[in-house]
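This report refers to the structure that appears directly beneath it.
The values are calculated or read from the model by the stated rules, or taken from the named source; none is laboratory data. As the structure is a computational prediction, the values presented were derived from the model and not from experiment. So basically every Cβ, Gly included, is an ideal-geometry build from the backbone, and we count neighbours across all protein chains shown.
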Number of protein chains: 2
Amino acid sequence: MSEPIDVLKALSDFGRLRILKMLEIKSLCVCEITELLGLATSTVSSHLNVLKNADLIQDEKEGKWINYKLAPAPPPFFQEIWPLISRHLDPNRQILEDRKKVGSVDRHKICAAV
Amino acid sequence: MSEPIDVLKALSDFGRLRILKMLEIKSLCVCEITELLGLATSTVSSHLNVLKNADLIQDEKEGKWINYKLAPAPPPFFQEIWPLISRHLDPNRQILEDRKKVGSVDRHKICAAV
DNA sequence: ATTACATTTCTAAAATCATCGAAATGACTA
DNA sequence: TAGTCATTTCGATGATTTTAGAAATGTAAT
């Protein structure tokens, strides 16, 4: 079970905060998150692994894709602090931009787009 | 002014969390914190600098010593999340041990003790 | 003023972390 | 069964961070 310090470490990277904020809006597959974040797929996979090990997110298979979503029952510590953190992230320019894009992202268009 | 991510980064090291929890009890000089943490003086000084740059603590000269204490007016983001974090740290073994020791620490005995 | 001592700064090492590309894995589909 | 494609794992690199010792700084007391 994750200690507060583990959760705080998971939250100490802005890319991971962006992921959590995206997942607040809707579940996303790895290639969608990759596209939105502008990082390599393997990097995103690594970040997702950190968040998953801290019990903050969950994965769920859907055909060819693996959808990630916020954990329905994250550690109590996270449950308490996340709403506050989330609210303070809202005005951030990057977060606002992410939010705008995440609504219209379509995995069929961006994945395997060569 | 410090962004949420800066505060979260400052809070992502357990030694720094220990320092903040100690300062909740009382102001301490660097050599006292050094003794309690069991790290090199220069390392502690570096951690204190991180906390100070995030506007979480303040220093105050007192004769030969420099006392550190929690900032009276830290960033609003920190003001909101710290009470929750603090409470979740309370049961931690190391934090409990620190608390026990911090009450009886005496700078005249531990500093320059050769 | 010289000494003593708390603290910071400097320098360097070791460790951790973010990142990427390539290879491996796993699942659907034709 | 082959092939396609999403994802993860592997291996490597550069950046950042934690750490410590030595030198520098600043202050107080003798």
task: From (1) in contact (Cβ under 8 Å) with a residue 24 or more places away in the chain; (2) of a type outside the set (Asp, Glu); (3) closer than 15 Å to B:Ile19 by Cβ, pick out the condition that doesn't hold for B:Ile110.
output: (3)
query: Do we find a residue being free of Cβ contacts under 8 Å to residues at least 24 places away in the same chain, away from DNA strand D (no atom under 13 Å from the Cβ) and within 14 Å of another protein chain (Cβ to nearest Cβ) anywhere in region A:47-61?
result: no
- prompt: Mind checking which residues of region A:11-24 are within 15 Å of A:Lys52 (Cβ to Cβ), within 9 Å of chain B (Cβ to nearest Cβ) and in contact with a helix residue (DSSP H, G or I) (Cβ under 6 Å, 6 or more places away or on another chain)?
  reply: A:Leu11
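Would you point out the residue of region B:63-77, among those that are more than 21 Å from B:Ser45 (Cα to Cα) and not aliphatic (A, V, I, L, M), that is nearest to the other protein chains (Cβ to nearest Cβ)? Give the steps one after another, and end with the answer.
Taking region B:63-77 and keeping what is more than 21 Å from B:Ser45 (Cα to Cα), we get B:73, B:75-77.
Then keep just the ones that are not aliphatic (A, V, I, L, M); that gives B:75-77.
Details: B:Pro75: 9, B:Pro76: 8, B:Phe77: 5 Å.
Restricting to residues being more than 21 Å from B:Ser45 (Cα to Cα) and not aliphatic (A, V, I, L, M), the top hit is B:Phe77.
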field: Pairs with Cβ under 7 Å, 6+ apart, first in region A:24-46 and on the phi < 0 side of the Ramachandran plot, second modelled with pLDDT under 95 and basic (Lys, Arg)
entry: A:Cys29/A:Arg107; A:Cys31/A:Arg107; A:Glu32/A:Arg107
- request: Determine if region B:61-76 includes at least one residue that is within 14 Å of DNA strand C (Cβ to nearest atom), among the acidic types (Asp, Glu), at pLDDT below 95 and surrounded by fewer than 20 Cβ atoms within 10 Å (Cβ to Cβ).
  value: yes
